[in-house]
Structure formats: C-alpha cells, structure tokens
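Beneath this line is the structure, given in structure tokens, with notes to follow.
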Amino acid sequence: MSDTQGGSATHPEQTAAQGGSQQVLTVGLLGCGIVGSGVVTLLTDHADDIAMRLGTRLVLGPVAVRNTAKDREVTPPQLTNDPDEVVGNPAVDIVVEVMGGIEPARTLITRALEVGKPVVTANKELISTLGGELFDLADAKGTRLEYEAAVAGAIPIIKPMRENLAGDRVRKVLGIVNGTTNFILTKMSEQGVSFEEALGEAQHLGYAERDPAADIEGYDAAAKAAILASLAFDARVVAGDVYREGITRVTATDITHAHRMGYAIKLLAIAEESGPDEPGGGGIGVRVHPALIPEEHPLASVRESFNAVFVEAEAADELMFYGRGAGSLPTASAVVGDIVTVARAIRSGERPANGSHHSRRIRPFEDTVVQYYVLLDVADQPGVLARVAGTFGAHDVSIKSVWQEGVGDHAQLLLITHAARERNLQATLHGLRELEAVRDVASVMRVEGGEA
C-alpha cells in the first residue's frame, strides 16, 4: 500500500494502527535473473510466514526486466519492461534492485530514493564504487538503503558489523568472499588438479562464468572488501582503494609446499586498521590476494563454494560468519531479510541508519606489513643460501624458516619470512633476480594468520 503523492513519502505505519488490520506493503523488483527469481520465489512461497512474524503482509508488485518474452524459472504476475512501473509507481512501497552493474541501476535507485522510497540492493559493484553518494541521498531524503546481499550471499555480515559491533573496535577482517575461487583452490588442494582443470569444472557446474575474470582476477572480492572495510572502520572505501591480485598464478607446487608446511592457500579479502605507531604506519589497509593461512585457522577449513568472514575485534575477540556466498535462494534470502528490515522500520517509524562513512586515510599497499612465502629456483652450489640470506638482510627482511628441495638444475629454496614491509620485500625480490645463482623467483605469496 502507498498513498504517496507529489513525490513525498507517506508513513504507512499509521495505516497499521487503524482498526488493528494487517498492514500491506508492495515490493517492486528491478531485475528477475538468478537472484531476482529467488526473491520472487521466497516472497511468494513464504508470504504467510513473513506476515505472521512481521505483522505486515509483503505483496509482490511490478517486476521490471529488459525482455518480458524471455523464458524464466518463475514468471511474476506483473512483468514489465518499463522500470518506471517500479520506481515511479505510487503503489510500490519498497524498491528492490537485483539487476547488477552500474547503469541503469544507479539512475533507478537514485530516482527511488529521491521520492523517499526505501531501496534494497544486492549490487556489490554499485555499492563499492558509488555507495557514498547513494547513502548520502538516502539520509537527505529520510529513507533507507539496505545491501546485506552485496557481500556474502546468505551470510549475515552487514547488520552484525553495522549494529552488533557498533560499540566495539574492529581491528581486522579476513574474508573468503568469492565462492568460485574457493571452489577452484579446494579442488586443486584436495584432488591435485591444475588451475585450468579446476576452473573448467567450476564452469561446468555453473560456479564460474564463461568469462571468469571478475572472479579469478579478484575484482568481485575487491568490491566486497571495499564494502567490508567501509563498515568495519566507518570509512569511505571504494573498490579502487583495494590492492587486487587474483589466483591465476597459484600452482599445484605452491599448494603442495603450503600443505607440507601446515598451510592452506585461500583468496582472502583483508581489511585492517593500524595506528600511527603500529606496523604499517597508520590508516586503513584493504587488499585482496592469495595467501597462505595456517591449517588450524578457521578459514582454512572453508571448502568448495562456501564463504566465510573472520572478524577480529577488541572486546568481542574473534568471530566467524560462515555459509553459502552465492546462488539464487541463498542470496535471495539476504535480500528478503533486508526487505523485512525495511518493512519493520516503516511499520515502527524507525529512523534510518545508513552509516556516516567518514573520509579516512587509506594506507598505501607498499606500507603493508605481513609475512611472505618465497619460492626460488636456484643453482645447487656452495654459498647460494648465504647470498640469498644476505639479500634479504640487506633490505631489512628477516627469514623465519627455509627449506631446500632437489639438487642440481632442479634445486629450490622455499623461505618464510618474519613480518616485513611490502616495499622492503619488493626490493628484496629485485635483488634476488640480480643474483646469478637465482634462476627464477618462482612464486611469492603473503602469509596471514601468523605474526602481526
């Protein structure tokens, strides 16, 4: 229900109070793909349960799509190719955007917020790049923008970070937030297959797109990392602030060595804050890259296409949120959860809380302080280890442990460093490549979950 007129939002909670009748709110959708179909299914199949719990009945209204003639898993009764039937329709109380991409999603969400309509979105790309302007607009118009499904599918992480941990200080967030890459790395680790074979299986099962670049190159995880960092540290962090490195260079050899040393390899989204006197020199650091993590760490056991977010906070200590990170119904579950949150706020007249997100210093990646795994192909001759160790020492990088594998032309040195600054490690690698005895710097990866 809505009696919006002249572009100003009404207060439907007043209707619920009249005569004790159950309030009805109409939900309009922008998009009806994988996630949108799941939202339609849940709103339809669970309508009575939601109404009983909420005291408000959610009715599916118009659903805008590009092509109304396309075959779909579900067919909403009010299908339209005109998005104005959703954002400009006075009968629509809550707008849900599940189209993806920047445009026309940005324009349509802006139009909805301009007239005071609350919006629910699953659009990680939009929130991670232009979320600030949309949150500001929602605040200015006294309405809400909810986005739980934008980070980790069905896993509830936005509300706990924004509300439950509001009185704590989050120190660090580590997340496995891309199911495709986690599936690939699981297959490589457990079945010994190559990256290409694991990617092919992921595509066959529908976990990876025909063009998998957004997943395997880390773009998807970087967008989610920006959102997590913004929440954790009340900061304006965009996807362009995130250092990004994908998994295409992870080899079976890396995984074998990691396992032998007691580590698993995961693509991690990492957000951390340090003070001016702490390692890293202060500010917020946000990065996405493959990393070795101890096998006893909770994230190491996250398998297949599952996601997990591990939070380190001062008072709450360590928390982990785990579950399905993608898929039609899991992601739709988070979207519908946001719809219920909005409906409950409309019913109670609760003031919107979109977050302030202040401007904060983003720490240059070169100032990151972390441990490293370095694999070198070397000549098997006297003095090689001393020359290698000397190069590390010359750039203020301390070696924690070292192993030698093979002999002759196939000799390898595998080193784990103590925590060191990224710029010092890069200078070390440059020096190693100039050593005659070092034939190749075969692999470099960061090590998480150990030294601070």
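Tabulated results
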item	result
Among the candidates Leu134, Leu145, Leu199, residue that is free of Cβ contacts under 8 Å to residues at least 60 places away in the same chain, of a type outside the set (Ser, Thr, Tyr) and within 17 Å of Thr121 (Cβ to Cβ)	Leu134
Qualifying residue in the stretch 215-224 (condition: over 30 Å from Gly167 (Cβ atoms), touching a residue at least 24 places away in the same chain (Cβ under 8 Å) and β-branched (Val, Ile, Thr))	yes
Residues of the stretch 333-388 that turn out to be part of a helix (DSSP H, G or I), of a type in the set (Val, Ile, Thr), touching a helix residue (DSSP H, G or I) at 6+ places or on another chain (Cβ under 8 Å) and over 20 Å from Thr121 (Cβ atoms), as a count	1
Thr10 being at pLDDT below 95 and either open to solvent by less than 50 Å² (accessible area, probe 1.4 Å) or touching a Leu at 6+ places or on another chain (Cβ under 6 Å) (or both)	yes
Members of the stretch 413-452 found to be open to solvent by less than 40 Å² (accessible area, probe 1.4 Å), aliphatic (A, V, I, L, M), within 22 Å of His259 (Cα to Cα) and part of a loop (DSSP other than H, G, I, E, B), listed by number	Ala419
Hits in the stretch 366-412 - residues which are open to solvent by 50 Å² or more (accessible area, probe 1.4 Å), touching a Leu at 6+ places or on another chain (Cβ under 8 Å) and over 24 Å from Ala264 (Cβ atoms)	Leu385, Arg387, His395
Any hit, the stretch 70-80, residues being out of contact with any strand residue (DSSP E or B) (no Cβ under 7 Å at 6 or more places or on another chain), under 17 Å from Thr341 (Cβ atoms) and either at pLDDT 95 or above or β-branched (Val, Ile, Thr) (or both)	no
Selection within the stretch 180-195 - within 19 Å of the chain's Cα centre (by Cα) and either more than 12 Å from Ile255 (Cα to Cα) or hydrophobic (A, V, I, L, M, F, W, C) (or both)	Thr180, Thr181, Asn182, Phe183, Ile184, Leu185
Selection from the stretch 154-179 of residues that are within 27 Å of Glu201 (Cα to Cα) and open to solvent by 20 Å² or more (accessible area, probe 1.4 Å)	Ala154
Sole exception among (1) within 26 Å of Leu292 (Cα to Cα); (2) in contact with a helix residue (DSSP H, G or I) (Cβ under 9 Å, 6 or more places away or on another chain); (3) crowded, with 18+ Cβ neighbours inside 10 Å for Asn182, by number	(2)
Every pair of residues 6+ apart whose Cβ atoms lie under 6 Å, when the first sits in the stretch 150-169 and is farther than 20 Å from Ala326 by Cα and in a helix (DSSP H, G or I) while the second is open to solvent by 10 Å² or more (accessible area, probe 1.4 Å) and not basic (Lys, Arg)	Arg162/Leu231
Sole residue being closer than 20 Å to Leu299 by Cα and of a type in the set (D, E, K, R), chosen from Glu190, Glu201, Glu196	Glu190
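Rundown of residues vs (1) open to solvent by less than 40 Å² (accessible area, probe 1.4 Å); (2) more than 27 Å from Ala152 (Cβ to Cβ); (3) among the basic types (Lys, Arg); (4) out of contact with any Phe, Trp or Tyr (no Cβ under 8 Å at 6 or more places or on another chain), yes/no style:
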{"site": "Val40", "(1), (2), (3), (4)": "yes, no, no, yes"}
{"site": "Leu54", "(1), (2), (3), (4)": "yes, no, no, yes"}
{"site": "Val65", "(1), (2), (3), (4)": "yes, no, no, yes"}
{"site": "Ala69", "(1), (2), (3), (4)": "no, yes, no, yes"}
{"site": "Glu85", "(1), (2), (3), (4)": "no, yes, no, yes"}
{"site": "Met99", "(1), (2), (3), (4)": "no, no, no, yes"}
{"site": "Thr129", "(1), (2), (3), (4)": "no, no, no, yes"}
{"site": "Gly132", "(1), (2), (3), (4)": "yes, no, no, yes"}
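The values are calculated or read from the model by the stated rules, or taken from the named source; none is laboratory data. For clarity, every value in this text was computed on a predicted model and none was experimentally measured. When we count neighbours, we look across all protein chains shown, and the Cβ atoms used for this are built from the backbone with ideal geometry, even at glycine. Remember, those area values only see protein heavy atoms, side chains included, never the ligands or the DNA or RNA. Shrake-Rupley method; radii C 1.70, N 1.55, O 1.52, S 1.80 Å.
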